[in-house]
């Protein structure tokens, strides 16, 4: 048996706003390389496995707009849309509640990370099957310093730190136990939720290209990368 012997799911959380983009349209709906950002993200997971069950979590107010975008772009990938909550914790919990299976593997991913490599998705499912969880992360490239309350700072060993990304993939019983807890301020991601429930966290190698689109510069860079990716797929 291997990771493909269990049902696989992806919960894609897309509840961001357009504030740091300087506009009114939420960043997951902004067009880039011919499609809204979110559609590129969903395609990455569908291309990994057409059998993957994808659950898209959206704010209730954004569902009609998403449905209109799907009509506009003739976007027909099979996706189950679930209404999110007031926080990311609540939104992920709602997404997990839409999964009826008792066991399986679920990748939780930010809707505004459209450049996640297929290899990262595959590794996350494989390692989560073996270890119970798999969290994508990358090493720091720059030097870092810890800033004290008095304004002073101290150099730290960057090799002891990682930048955490998504997907964060889990066996279903593991992450469900995590989300059975009351929400806490320290729950900054799904790994922190699982860790609080007593589960060890296994890191896997992420990808520097797997950025979270937040600013206009991110969008420009993603457009270049996605256009190149589409060209490569056409050539191949």
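Ranked by the mean number of other Cβ atoms within 10 Å of their residues, highest first, the peptides 129-135, 165-171 come out as 165-171, 129-135.
From Cα pairs below 8 angstrom and at least 6 apart in sequence, can you work out the relative contact order of segment 3-235, rounded to a whole percent?
Numbers: 415 pairs, mean separation 53.0, N = 233.
Once normalised by length, the contact order is 23 percent.
With the cut-off at 1.5 for a/c, could you classify segment 1-138 from its C-alpha gyration tensor as rounded, prolate or oblate? Taking the square roots of the gyration eigenvalues as a ≥ b ≥ c, segment 1-138 is prolate.
Counting neighbouring beta carbons within 10 Å and listing from fewest to most, the residues 146, 196, 91 come out as 146, 196, 91. In the chain, the calculated helix contribution to ellipticity at 222 nm averages -10500 deg cm²/dmol per residue, counting -39,500 (n - 2.57) for every DSSP H run with n ≥ 4.
Would you please classify the overall shape of segment 140-184 from the alpha carbon gyration tensor, given that a ≥ b ≥ c denote the square roots of the eigenvalues, rounded means a/c under 1.5, and beyond that prolate means a/b larger than b/c while oblate covers the rest? It is oblate, given that a/c is not under 1.5 and a/b is not larger than b/c. Here each label is just a point 7 Å from Cα along the line to Cβ, and for residue 227 and residue 215 those points are 2.1 nm apart. In terms of the Cα gyration tensor, with a ≥ b ≥ c the square roots of its eigenvalues, is segment 141-236 rounded because a/c is under 1.5, prolate because a/b exceeds b/c, or oblate? Because a/c hits 1.5 or more and a/b fails to exceed b/c, segment 141-236 counts as oblate.
Values quoted throughout were computed directly from the atomic coordinates according to the rules given, and no laboratory measurement underlies them. Since this is a predicted model, take the numbers as computed values, not measurements. FYI the Cβ positions are ideal-geometry reconstructions off the backbone, even for glycines, and counts take in every protein chain you see.
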